[in-house]
Amino acid sequence: MEKIVSLAKRRGFIFPSSEIYGGLASCYDYGPLGVELKNNIKKAWWKKVVQERDDMVGLDASILMNPKVWEASGHLKGFVDPLAECKSCHKRFKLDGLKDKNKCSECGGILTEAKNFNLLFKTFMGPVEGDSAVIYLRPETAQGIFVNFNNVLQSSRMKVPFGIAQIGKSFRNEITPGNFIFRTREFEQMELEFFVKPNEAKKWYKYWLKQRFDWYLDLGIKKKNLRLREHGEDELAHYARSCFDVEYKFPFGWSELEGVADRGDFDLKQHQKFSNQDMSYQDQDGKKYIPYVIEPSAGVDRPLLAFLVDAYEEIKGGRTTTTQANKEQEVVLRLHKDLAPIKAAILPLSKKEPLKKVAQSIYKDLKKYWMVQYDEVGSIGRRYRRQDEIGTLYCITVDFDSLDDKKVTIRDRDTMKQDRVAISALVDYLKNKLD
Ligand code: GAP
C-alpha cells in the first residue's frame, strides 16, 4: 500500500486534501491523472449499466434532501454504530472492533457503556441554526432514486422490470476511516436500483450478482483477487433482506468494493407511508403492487484503489537493458485500456526542429480523440518508463526517419511490440486498438 500511496502522490493521482494546512483526516483530492482514472471508471460503469441497456435510465438527484427522507429510510434511527468512550483518555471506540469490551486499547482505562453514534453528517439550511433548519448530507445516493420513482415512471414510460442508475457523492461520519481512500467520510457511489415483480426478485438478484462480478473481471481485475461473500444475519443493513459483497484482496485483506442487496419493498413502502403518496406500480394487466428492489451499490474510490493495486507491477532490473538507467527497477501500471488515464504519449527523439514540429502536429491531432501527452524531456528510455508508470498504453516515437518515410514507431505498453505506422494512418490504428 505504501508504494501505491507514494506513486499516487508523486504522479498526480491522489493528494491529501488541503495539504498545505496539514491535511484533513481521511479526505483526499484526485489530481490530474486521478480525475481521468475516476472519470474513466464512472464512464465504464455508466456505459455498461445505462447506455448499453434498454431497461435502465439515469438520474442525478441533489445531495441535500428533505430530512423526512432520512426518517422514512430508517437512517435517522438505524444508521448507527455502537461506541464506547474511555473514561481516562476519552478516546471513542467502535464496539464491534474491540477485543476487550471493557478496557481501552490505547491507555488501559475503563470504557463507558456503549452508546449509539449516528453516522449522518448534519448541517443547517439557510441562515437560522436550530432544530427546524437541520438537514443531512446524504449517506447513500439510493434515496434520491426511490423518491423519484414516480417521476421517472411518468416521464419515461419505463415498465417493470427496469432500473434507475446514479453516480454521486455520499457522506458518512465514519468512526474509523482509513486505508487511504478505502474508507473516507466523503466518497462517491455508483448505485442502481432495479425494480422487479416480487416473485422475480430471486432471479434478478442472481442476475445482478453475476453482472457486477463480471464487470470487474472485464476491466482487468485478476480473478484470484475477487470473490463474492454473503452477509451474515448480524451484518445485514436495516433495509436488506439479503446481501452479497463483491470483495477484493487488498494488501490489507479481503474488503468490500460493492454490495449487491435485495432491498425487497422496504424503501418504496416506507416512502409511501411517510409521504402519503402512492408508490405502487400498475402492471399492464391492471395488477397493482409495490415493486421489489435489487440494488448493486458500488463505490468509485474503492474500485479505483483496487484497479490501481491490481495493475501495479514492479519489474526488477527493468524490461530493457540497453542503458544503465534501464537496469533500474521499473514500474508498469497495467490498467485496462478503457481505464488508463493517458492513451498515448508522443515522444520526439529530439526536442529540436524539424522533429518537434512533426511530433507537435501528431499530438494536436490525437488530442481531438483521446487524452494524450507530449513529452520531449530526457532520454527515450526514461520517457518510456515515465509513461509505463502511469499506465499509458502506447508510446509514439518520432525519429529522424519519420521525416522521410512519414511513419512513426508505436510501442505497446504490455507486449513492448513495436509497429511502424504511417502518420496518416495513426488515428485509425489507435481507434482499432482503443475502441
Ligand atoms: N445504498 C447501499 C449502500 O450505500 P454500502 O454497502 O453501505 O451500501 C456501498 O455502500 C458502497 O459504497 C461500498 O461497497 C463502498 O464501495 C462504498 N462506500 C461505503 N462507505 C464508504 C466509505 N466510508 N468510504 C469509501 N467508500 C465507501
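Restricting attention to the stretch 24-52, the residues that are surrounded by fewer than 20 Cβ atoms within 10 Å (Cβ to Cβ) and of a type in the set (S, T, N, Q) add up to 2.
All of (1) open to solvent by 10 Å² or more (accessible area, probe 1.4 Å); (2) on the phi < 0 side of the Ramachandran plot hold for GLY253 with one exception: (2). When the stretch 143-170 is filtered for residues that are within 14 Å of the ligand (Cβ to nearest atom), touching a Lys or Arg at 6+ places or on another chain (Cβ under 8 Å) and of a type in the set (A, V, I, L, M, F, W, C), only ILE167 remains. Taken over the stretch 27-52, the criterion of being assigned to a loop (DSSP other than H, G, I, E, B) and out of contact with any Phe, Trp or Tyr (no Cβ under 9 Å at 6 or more places or on another chain) is satisfied by CYS27, GLU52.
Return yes when LYS224 is in contact with a Ser or Thr (Cβ under 9 Å, 6 or more places away or on another chain), more than 13 Å from the ligand (Cβ to nearest atom), open to solvent by 70 Å² or more (accessible area, probe 1.4 Å) and in the same structural domain as PHE146 (by TED's automatic domain parsing) and no when it is not. No; evaluated as a whole, the condition is false for this residue. When the helices (runs of 4 or more DSSP H) confined to the stretch 300-396 are screened for residues that are of a type in the set (Val, Ile, Thr) and either in contact (Cβ under 8 Å) with a residue 12 or more places away in the chain or crowded, with 16+ Cβ neighbours inside 10 Å (or both), those reaching at least 2 such residues are found at 355-367. Within the stretch 64-92, the residues that satisfy the criterion of being touching a residue at least 40 places away in the same chain (Cβ under 8 Å) and either over 18 Å from ASP131 (Cβ atoms) or small (Gly, Ala, Ser) (or both) are ALA72, SER73, GLY74, GLY78, PHE79, ASP81, LEU83, ARG92. For GLN329, state whether it is within 22 Å of ILE164 (Cβ to Cβ) and away from the ligand (no atom under 16 Å from the Cβ). Criteria not met by GLN329.
Within the set ASP96, ASP60, ASP55, the sole residue that is open to solvent by 90 Å² or more (accessible area, probe 1.4 Å), of a type outside the set (A, V, I, L, M) and within 26 Å of PHE194 (Cβ to Cβ) turns out to be ASP60. Residues considered: PHE187, PHE162, PHE180, PHE171. Of these, the only one that is closer than 16 Å to VAL49 by Cβ and crowded, with 19+ Cβ neighbours inside 10 Å is PHE162.
Based on this model, can you work out whether GLY259 counts as touching a residue at least 60 places away in the same chain (Cβ under 8 Å), within 15 Å of the ligand (Cβ to nearest atom) and open to solvent by less than 70 Å² (accessible area, probe 1.4 Å)? No: the conditions fail for GLY259.
Filtering the stretch 67-87 to residues that are open to solvent by less than 20 Å² (accessible area, probe 1.4 Å) and part of a helix (DSSP H, G or I) leaves VAL69, TRP70, ALA72, SER73, HIS75. A residue that is away from the ligand (no atom under 11 Å from the Cβ), under 23 Å from ASN179 (Cα atoms), surrounded by 19 or more Cβ atoms within 10 Å (Cβ to Cβ) and within 17 Å of the chain's Cα centre (by Cα) cannot be found anywhere in the stretch 234-247. Of all positions in the stretch 171-192, none carries a residue that is more than 11 Å from the ligand (Cβ to nearest atom) and among the hydrophobic types (A, V, I, L, M, F, W, C). Just one of (1) more than 16 Å from the ligand (Cβ to nearest atom); (2) open to solvent by 30 Å² or more (accessible area, probe 1.4 Å) fails for CYS104. It is (2). Looking only at residues of the stretch 290-299 that are assigned to a strand (DSSP E or B) and either over 11 Å from MET190 (Cβ atoms) or more than 7 Å from the ligand (Cβ to nearest atom) (or both), we find that the one that is most open to solvent (accessible area, probe 1.4 Å) is TYR292.
The values are calculated or read from the model by the stated rules, or taken from the named source; none is laboratory data. Because the structure is predicted, anything quoted here is derived from the model rather than measured. Every residue, glycine as well, gets a Cβ built from its backbone with ideal geometry; the counts of neighbours run over all protein chains shown. Side chains included, ligands, DNA and RNA excluded: accessible areas come from the protein's heavy atoms. Shrake-Rupley method; radii C 1.70, N 1.55, O 1.52, S 1.80 Å.
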